[in-house]
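First comes the structure, then the notes that go with it.
Since every read-out is calculated from the coordinates, none of them should be taken as a lab result. Just so we're clear, the structure is a prediction, and the values are computed from it rather than from any experiment. Glycine gets a Cβ as well: all are built from the backbone with ideal geometry, and neighbour counts include every protein chain shown.
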Amino acid sequence: MLHELDVRSITQYHDAVLRMDGGRVPCHVASDGAWPGIAANHEFNLLLWREEDKARRRDAAASEIAANKRHIDAYNQQRNDAVEAIDEAILAGLAAASAASTIAPAADAWLSSETAGAMIDRLSILALKIHHMREQTRRVDAGSAHVQACAARLQRLQQQRADLAGCLERLLREAGAGRAYFKVYRQYKMYNDPSLYPYLYGQTRGTGRVGP
């Protein structure tokens, strides 16, 4: 059971999910705090990856690609909802710790424009890229040039993840000490809200028109 919210545990969790057959979330995580959001975010990123692959097919009917696109929109909404849930949980934990220890953001604390949840989302996507690029380095049906090129890309992706993990560690550490803070930023995916998507609310009014 993973309880501690440290960056190493997060990246290990991401990798463990992808190593499992079927790619469904198999690892038990804490049922409170940010972990449910981390698990949901990673699962929806995985589903998005698969659905986007399906949407790129050239041998499928247009109706199938349209269905893929609708699934992508739905999964993307759920992925972003999970990011917001991660940020809400982390900020609630920081607020509770602040009340208990009298630590609060200092007057000169810096505001991070990227939230902890957004960084965790990017780590999830990097885990997917690393997993699939590693598979390319193990292909026996590909030439050595392909394998070598993918091995070089794999190294770059791993470095990118290490850099991002370090930035997340710093943000969590600085926020915990009151030297930094971040906010929950709502994504407001307009294409999933019929009242905000012109084509849909145009149809609802019965005009059938989009725009002026």
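Assorted remarks:
- Here Lys189 and Ser113 are evaluated by their C-beta separation; at R0 = 25 Å the FRET efficiency comes out at 0.80.
- Length gained when the stretch Ala177-Ala95 is fully extended (0.36 nm per residue, less Cα-Cα span): 28.4 nm
- Relative contact order (%) - criterion: Cα under 8 Å, at least six apart; region: the stretch 7-193: 27
- Length gained when the stretch Ala55-Asp15 is fully extended (0.36 nm per residue, less Cα-Cα span): 11.9 nm
- Taking other C-beta atoms within 10 Å as the exposure proxy, Cys167, Cys150 rank Cys167, Cys150 from fewest upward.
- Overall form of the stretch 117-186: prolate. Here a/c, set by the Cα gyration tensor axes a ≥ b ≥ c, is 1.5 or more, and a/b is the larger of a/b and b/c.
- In nm, spacing of pseudo-spin labels at Gln155 and Lys69 (7 Å Cα→C-beta vector): 4.1
- Taking the number of Cβ atoms within 10 Å of each Cβ as an exposure proxy, the fewest-first ranking of His42, His71, His146 is His146, His71, His42.
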